[in-house]
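Please treat every number below as a calculation from the coordinates, not as lab data. What you see is a predicted model; the values in this text were computed from it and never measured. Cβ sites come from the backbone with ideal geometry, for glycine too, and all protein chains shown count toward neighbours.
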Amino acid sequence: MSAGAILLWIIFPYAAAAAFVVGHWWRYRTDQLGWTSGSTQLLERKILGWASPAFHYGALAAIGGHVVGLLIPKSLTDAVGISENLYRWFSAVAGGVAGAVCVVGLAGLVYRRATNPRVRRTTSRTDLLTYLLLTVLIAVGCFMTFGDNLLTSHPYDYRESIAPWWRSLFYLDPDVSAAVHARTIYQVHAIIAWSFWALFPFSRLVHVWSIPLQYLGRPWILYRRRYAGVRSR
């Protein structure tokens, strides 16, 4: 096993995971006022109104698909009677739709931030790096979905290469050989993904953890009308 393989497929993923966990703790302890989406809705609403929901819904669907696809081993789908062809088409179509929606949303957000002077002035270097990683990550992912699965007669089965390596990280027994023998495009996608998660706690993306779920348990707000016979003093 080479030093480069150890660095890329063992040290780097665990370092990124540590940065993700410790970074959130550090950010919350030292920068609670900056724990925000940095909304620019007041500066421009027209594009944001459709681009933001498209990006968020597409990203959530894509992340969910990745988790399911990487966590569920091929042996399990074979055991329940799901053929490789059916699984590939279902995952590729679902991933393609999610990726397309995400691309449209991200393109709108990037265009808005690049062309609107007031929005552009609020853009930090971390924002630029976040947009860059997201753009490359999504572009590579879409190429893998369409070019390496849907639109080819020889689709690549990532569940026998990159997926076992990803699961082995959680077992604390990284299967480096599985990652080393994966196609280059999948290796690039994995490296960019870990880079993105390492940056996550230091960006405005931390606002995803501030969803006001407590509102779901709050009582209804009752609006009462003053009776006509009651006069204010």
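One table, with the values for the structure above:
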| quantity | calculated |
| --- | --- |
| Likely footprinting exposure, Ser195, Ser37, Ser2, fewest C-beta neighbours within 10 Å first | Ser2, Ser37, Ser195 |
| Net charge of neighbours whose Cβ lies under 13 Å from the Cβ of Ser203, counting Lys and Arg as +1 and Asp and Glu as -1 | +1 |
| Distance histogram in 10 Å bins (all Cα pairs of segment 44-208, percent per bin) | 9, 35, 33, 16, 6, 0 |
| Mean projected area in nm² (Cα convex hull; one quarter of hull surface) for segment 158-203 | 3.4 nm² |
| Tensor-based shape of segment 18-129 (alpha-carbon gyration tensor, a/c under 1.5 rounded, otherwise prolate or oblate) | oblate |
| Dipole moment magnitude, nearest 20 debye, the chain about Cα centre, only Lys, Arg, Asp, Glu C-beta charged | 2080 debye |
| Among Leu60, Val103, Leu216 - extreme Cα towards positive end, dipole of the chain, charges at beta-carbon | Leu216 |
| Relative contact order (%) - the chain, alpha-carbon pairs under 8 angstrom, separation at least six | 32 percent |
| Built amide H within the under 5 Å cut-off of Asn116, gap 5+ | none |
| Rh (Kirkwood; distinct C-alpha pairs) - segment 112-208, Å | 15.5 Å |
| Segment 95-147 pair-distance distribution - Cα-Cα, 10 Å bins, rounded % | 23, 49, 22, 6 |
| Residues Thr40, Thr184, Thr126 arranged by fewest to most Cβ contacts within 10 Å | Thr184, Thr126, Thr40 |
| Estimated [θ] at 222 nm from DSSP helical runs (n ≥ 4, -39500 (n - 2.57)) normalised by residues in the chain, nearest 500 | -19500 deg cm²/dmol |
| Along each principal axis, Cα extent of segment 1-75, largest first, Å | 54, 38, 20 |
| Highest average packing first - 197-207, 58-68, 73-83, Cβ atoms within 10 Å | 197-207, 58-68, 73-83 |
| Ranked list, fewest to most other Cβ atoms within 10 Å of each Cβ, for Ile221, Ile211, Ile11, Ile47 | Ile221, Ile211, Ile11, Ile47 |
| Among His56, His189, His181, residue whose mean-square fluctuation peaks in a GNM of the chain (springs only between Cα atoms under 10 Å) | His181 |
